[in-house]
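Enquirer: Before anything else, here's the structure in question.
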């Protein structure tokens with residue numbers, strides 16, 4: 001069981017993800033440089049946060065053409081586990097591995113703060129150890145987190161229970177006040193049809209140790225490791 | 001050959017930057033300002049001796065594949081033969 005953390009020029013949460021997987025979850029983990037054409041037999045891939053290629057053109061727009069992303073796409077389409085965090089979520093949307101797009105925050109400001117998200121479905125490898133409706137306190141740090149998709153796709157995401165995290169208040173109510181960036185239907189994270197690819201704007205890797213103010217983010221990694229062990 | 005490509009958000013997509021600019025213009029006293037939409041603009045020089053038709057096909061492909069995110073954006077362009 002090996003994890004791979006993709007590194008683009010401009011990734012800046014790669015070491016955080018590596019640390020959580022290697023030191024906190026005690027799993028084998030390796031970095032995968034963006035020019036790599038293969039995934040070094042990794043069993044799960046993390047696309048970390050940051051500003052891949054400076055976010056030039058659009059967030060994730062250049063990164064998706066990296067050699068490593070061709071390998072990640074192939075891996076994801078054959079059922080491989082791929083987790084995109086923040087900029088990684090944006091890259092996965094641009095690459096067409098997840099539907100929709102992440103637009104400029106409605107308030108036009110970069111937002112860096114702790115928020116609450118509600119686990120909407122436990123039917124993914126990334127949330128299987130959580131309880132449905134569980135509220136996680138995790139940080140966000142982004143300028144483009146305003147999730148958008150057209151209405152037919154939104155209806156489909158709802159019908160197929162592919163909205164995995166919604167922004168909410170501390171009590172777990174998905175209110176307008178609990179929505180930091182204007183995201184459609186308070187969407188903070190979604191998965192693909194096969195439920196093996198997940199993207200979310202919050203940073204679970206920044207809230208996986210008590211010293212960091214919250215361990216709620218570790219629920220995601222704990223779920224993933226558990227799901228992989230059972231495979 | 002030179003291509004001028006304009007990328008804008010689809011009509012169905014809210015443009016908070018355009019809205020902010022519109023608000024600022026109104027505050028400045030430009031009373032007749034209607035909707036403002038912000039977009040992106042690219043100038044692309046095409047090498048070789050591409051015919052108009054090939055150049056169009058190439059630019060459309062580039063615009064669809066790279067310059068726009070079709071979920072939220074649309075584009076238009078014009079080609080010009082420099083003097």
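Taken together, the values in this text are just the output of simple stated rules run on the coordinates, not laboratory data. A quick note: this is a predicted structure, and the numbers were derived from the prediction, not measured.
Enquirer: On a 0 to 90 degree scale, rounded to 10, what angle separates helix B:16-27 from the longest Cα axis of chain B?
Expert: 50
Enquirer: A further question on this structure: Of the candidates B:60, B:35, B:73, which one comes out as most mobile in a Gaussian network treatment of chain B with C-alpha springs shorter than 10 Å?
Expert: B:35
Enquirer: Between region A:172-190 and region A:52-78, how many Å separate their Cα centres?
Expert: Each part's Cα centre sits 26 Å from the other's.
Enquirer: Using helices alone, what [θ] at 222 nm do you get for chain A, with -39,500 (n - 2.57) per DSSP H run of 4 or more residues, divided over all residues and rounded to the nearest 500?
Expert: -6000 deg cm²/dmol
Enquirer: Kindly express, to the nearest 10 degrees and within the range 0 to 90, the angle between helix B:52-62's C-alpha long axis and the longest C-alpha principal axis of chain B.
Expert: 50
Enquirer: Normalising by the residue count of chain A, find the relative contact order in percent from Cα pairs under 8 Å and 6+ residues apart.
Expert: It rounds to 20 percent for chain A.
Enquirer: So, one more: Any chance you could check the Cα centroid distance between region B:26-52 and region A:7-49 for me, in angstrom?
Expert: Here the two parts' Cα centres lie 39 Å apart.
Enquirer: For q = 0.07, 0.12, 0.14 Å⁻¹, what log10 I(q)/I(0) does chain A give under the Debye formula with an equal point scatterer on each alpha carbon and no solvent?
Expert: Treating every Cα as an identical point scatterer, log10 I(q)/I(0) equals -0.18, -0.56, -0.79.
Enquirer: How long are the three semi-axes of the equivalent ellipsoid for region B:2-80, computed from the Cα gyration tensor as the root of 5 times each eigenvalue, in whole Å, largest first?
Expert: 32, 14, 8
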